[in-house]
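Nothing in this text is a laboratory measurement; each read-out follows from the coordinates by a stated rule. These numbers come from a predicted model, not from an experiment. Backbone-built Cβ (ideal geometry, glycine too); neighbour counts: all protein chains shown.
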Amino acid sequence: MARKEKLANLIKELGAEFLEKESSGASLITVTDCLLSDDLRKAKILFTVFPEEKEAAALSFAKRKRGKFREHLGKKLKTKIIPFIEVQIDLGEKHRQKIDELLREK
């Protein structure tokens with residue numbers, strides 16, 4: 001279990017570094033989590049986008065860059081298996097932020 005968590009954290013850090021380097025800077029993309037399958041063959045990168053209006057463009061950008069990111073992982077990871085990458089907006093984090101916002105209004 002510890003190996004899976006370490007690998008997920010490393011992929012999360014590398015994902016944040018990669019997206020920051022590759023993005024145009026039109027929006028702030030924050031990687032919030034990496035969910036790794038038990039067989040380590042699939043990784044789902046979750047992220048948030050600010051401003052929120054840029055979400056669709058950021059998601060499209062991240063999906064286009066998955067292959068290049070996987071190549072980047074191949075160079076950085078010392079594992080036999082380089083996971084296939086999925087990207088997704090972190091809805092849980094988005095909902096948490098909305099709840100915080102509503103609580104501050106009271």
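Observations, loosely collected:
- Remark: the chain carries a charge dipole of roughly 620 debye about the Cα centre, counting +1 on each Lys and Arg Cβ and -1 on each Asp and Glu Cβ.
- Rounded to the nearest 10 degrees, the angle from helix 91-105 to the longest Cα principal axis of the chain is 30 degrees.
- Angle between the chain longest axis and helix 2-22 axis [Cα atoms, degrees, rounded to 10]: 70
- Computing FRET efficiency as 1/(1 + (r/R0)^6) for T79 and S23, where r is the C-beta to C-beta distance and R0 is 22 Å, gives about 0.25.
- Local electrostatic count at L40 - Lys and Arg +1, Asp and Glu -1, tallied over other residues with Cβ under 12 Å: +3
- Dipole-positive endmost among F84, I29, F18 within segment 2-105 (Cβ charges, Cα centre): F84
- Fully extended contour minus Cα-Cα distance, from L59 to E86, at 0.36 nm per residue: 8.7 nm
- Within segment 85-106: backbone nitrogen closer than 20 Å to the K4 label point (7 Å, Cα to C-beta): 85-88
- Net charge dipole, segment 8-63: roughly 180 debye, given to the nearest 20, about the Cα centre with Cβ charges of +1 for Lys and Arg and -1 for Asp and Glu.
- Averaging the sequence gap over all C-alpha pairs within less than 8 Å and six or more residues apart, then dividing by the number of residues, gives segment 19-106 a relative contact order of 30 percent.
- Degrees, to the nearest 10: 66-76 long Cα axis against longest axis of the chain: 60
- Compactness of the chain, expressed as Rg and Dmax over alpha-carbon positions, Å: 14.7, 52
- Within segment 2-105, percent of DSSP bridges classed antiparallel, to nearest 5: 55
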